[in-house]
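Have a look at the structure below, then the notes.
The values are calculated or read from the model by the stated rules, or taken from the named source; none is laboratory data. All values derive from a computational prediction rather than experimental measurement. For neighbour counting, all protein chains shown are included, and Cβ atoms are generated from backbone atoms with ideal geometry for every residue, glycine included. Quick note on the areas: whole protein, heavy atoms, side chains included, nothing else; ligands and nucleic acids left out. Shrake-Rupley method; radii C 1.70, N 1.55, O 1.52, S 1.80 Å.
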Amino acid sequence: MTRDETKKSEVDYDVIVVGGGPAGLTAVLYASRGGLKTLMLEKATPGGLAQTTDIIENYPGFPDGISGPELMESMEKQARRFGAEFKNINEVVAIEKANETIFSVKTSDNTITSKSVIIATGAEPRKIGIPGESKYTGRGVSYCAVCDGAFFKDADVAVIGGGNSAVEEALFLTKFAKKISLIHRRDRLRADNVIVERAKKDPKIEFIWDTVVEEVIGDVKGVSSLKLKNIKTEQAEQLTVEGVFVYIGYKPNTGFLDGFLELDKGGFIVTDGEMNTNVSGIMACGDVRSKALKQIVTATGEGATAAFSAEKYIDKLENREYGEFKK
Ligand code: NAP
């Protein structure tokens with residue numbers, strides 16, 4: 001079967017890409033430009049978590065940096081250029097094998113079939129799991145400084161975490177807040193030096209080391225303080241803040257895969273260097289993958305590789321490994 005014949009066959013698509021962040025959008029761009037009949041399934045507006053980043057300074061080609069929404073808008077526009085279909089869905093609930101060569105992607109609305117699937121569902125912010133956290137989410141507790149930072153003009157806020165996200169977002173919050181207490185459970189950060197140095201020099205940012213937050217305290221107006229504990233001295237303290245931004249890492253959106261694919265112990269998808277999972281015909285890319293470096297630039301490279309692998313997989317499946325031309 002040639003790719004053009006997919007339309008007439010019993011299978012809906014050559015490739016379904018699940019998740020519209022940088023990895024998924026790049027996979028769509030490469031797959032559709034490569035002539036595959038491609039569908040992008042996305043929960044909300046394409047762009048993923050990168051949409052919630054104020055300024056991206058380490059994506060090549062933008063010497064002065066670029067805002068997350070602007071970069072993602074351009075990526076989406078480019079991904080749509082080569083004829084891929086985009087569909088908003090509530091969620092993908094399962095991926096199953098319809099038969100030896102066709103996968104069924106079950107969404108909350110319907111079931112769609114495809115010869116291959118690229119999973120680019122990313123990851124979502126982790127919660128600390130302390131009293132008051134859920135109760136005050138949206139009323140002072142936030143997981144997105146870009147979305148909620150402006151509500152805290154001239155206020156005292158806290159950021160929890162010690163990675164790149166915590167430090168970057170603490171720096172972002174200096175635009176609005178009067179003081180930002182960066183609370184970390186260790187005496188050193190794991191964030192990149194370049195931003196750590198910037199944060200250390202910022203008079204609005206104060207570091208609270210070796211400390212965990214045990215409770216978010218509030219009243220009818222929202223968050224009013226945090227109950228802290230220094231893990232070295234065991235000393236307890238109450239910190240008055242109106243807002244708290246939690247940046248303690250991400251958990252992968254892989255719940256719907258439930259035993260279908262190999263995951264690592266953190267729930268991230270295990271792939272080889274070509275983005276193939278342990279199920280032939282299913283590829284994964286971006287933050288949902290088990291890997292060390294979670295960046296937009298790695299996500300886009302992986303999206304391109306996943307689309308290339310999907311194309312190779314379909315060619316093999318349909319005996320087109322050596323092209324369609326004979327002497
Ligand atoms: P991360 O690097 O995994 O850091 C999470 C931080 O939260 C760590 O400092 C960790 O402490 C702390 N933490 C974890 N669980 C905690 C808990 N229960 N209570 C208190 N603290 C807790 O996560 P991230 O900063 O969100 O970054 C995720 C990935 O995206 C990383 O690979 C990062 O480099 C990348 N990223 C890159 C950029 C950029 O390059 N511009 C920006 C944002 C994110 P410990 O240190 O003690 O483990």
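Computed on the Cα atoms alone, the convex hull of the chain gives a volume of 149 cubic angstrom per residue. For SER290, the solvent-accessible surface computed with a 1.4 Å probe is close to 40 Å², ligands and nucleic acids excluded.
Please give the charge dipole size of the chain, origin at the Cα centre, charges +1 on K and R Cβ atoms and -1 on D and E Cβ atoms. Round to the nearest 20 debye.
180
The accessible surface of the range 141-246, taken with every protein chain in place and a 1.4 Å probe, is 47 percent carbon and sulfur. Over all pairs of different C-alpha atoms in the range 69-168, the reciprocal of the mean inverse distance, the Kirkwood hydrodynamic radius, equals 17.9 Å.
Dipole size in debye (nearest 20) for the range 1-130 around its Cα centre, Lys and Arg Cβ +1, Asp and Glu Cβ -1?
For the range 1-130, the charge dipole is close to 280 debye.
Each residue of the range 208-225 is assigned a 3J(HN,Hα), and the resulting list reads 10, 8, 6, 10, 10, 9, 9, 7, 9, 10, x, 9, 4, 7, x, 5, 10, 6 Hz, derived from the Karplus form 6.51 cos²θ - 1.76 cosθ + 1.60 (θ = phi - 60°), x at Gly and Pro.
Across CYS285, CYS147, the residue with the most accessible area heads the list, and the full order at a 1.4 Å probe is CYS147, CYS285.
Leaving out ligands and nucleic acids, and using a 1.4 Å probe, what accessible area per residue does the chain come to in Å²?
Result: 51 Å² per residue.
Applying the criteria of a DSSP loop state and at most 13 other Cβ atoms within 10 Å to the trypsin sites (Lys or Arg not before Pro) of the range 18-103 yields ARG81. Computed on the range 141-246, with alpha-carbon pairs under 8 angstrom and 6+ residues apart, the relative contact order is 30 percent.
In this structure the amide hydrogen of ALA94, modeled in the peptide plane, comes within under 5 Å of the amide hydrogens of LYS106, none closer than 5 places in sequence on its chain. Projecting label points 7 angstrom from Cα along Cα→Cβ for THR45 and LYS106 puts them 3.2 nm apart. With all protein chains in place and ligands, DNA and RNA left out, the 1.4 Å accessible area ranks MET283, MET75 as MET75, MET283, largest first. Taking other residues whose beta carbon is less than 12 angstrom from the beta carbon of LEU263, and scoring Lys, Arg as +1 and Asp, Glu as -1, yields 0. Contact order for the chain, expressed relative to its length and based on alpha carbon pairs under 8 Å spaced 6+ residues apart, stands at 20 percent.
Taking the DSSP beta bridges with both ends in the range 141-246, the antiparallel portion is around 45 percent. Other residues whose C-beta falls under 13 angstrom from the C-beta of MET75 contribute a net charge of -1, scoring Lys and Arg +1 and Asp and Glu -1. Cα-based values for the range 141-246, radius of gyration first and Dmax second, are 12.8, 40 Å. Take the chain and mark each of the chymotrypsin sites (Phe, Trp or Tyr not before Pro) that is in a DSSP loop with at most 15 other Cβ atoms within 10 Å; the longest unmarked stretch, sites excluded, is 1-321. Taking 4.7 Å between beta carbons as the limit, the unpaired Cys residues of the chain are CYS285. Summing +1 for each Lys or Arg and -1 for each Asp or Glu among the other residues whose beta-carbon sits under 13 angstrom from that of ILE55 gives -4. Of the complete DSSP H runs in the chain, those spanning 30 angstrom or more by Cα along the long axis with a mean Kyte-Doolittle score not below 0.0 are 296-317.
Among LEU293, LEU39, the sequence by solvent-accessible area, most first, with a 1.4 Å probe is LEU293, LEU39. Looking at the chain alone, DSSP beta bridges between its own residues are antiparallel in about 45 percent of cases.
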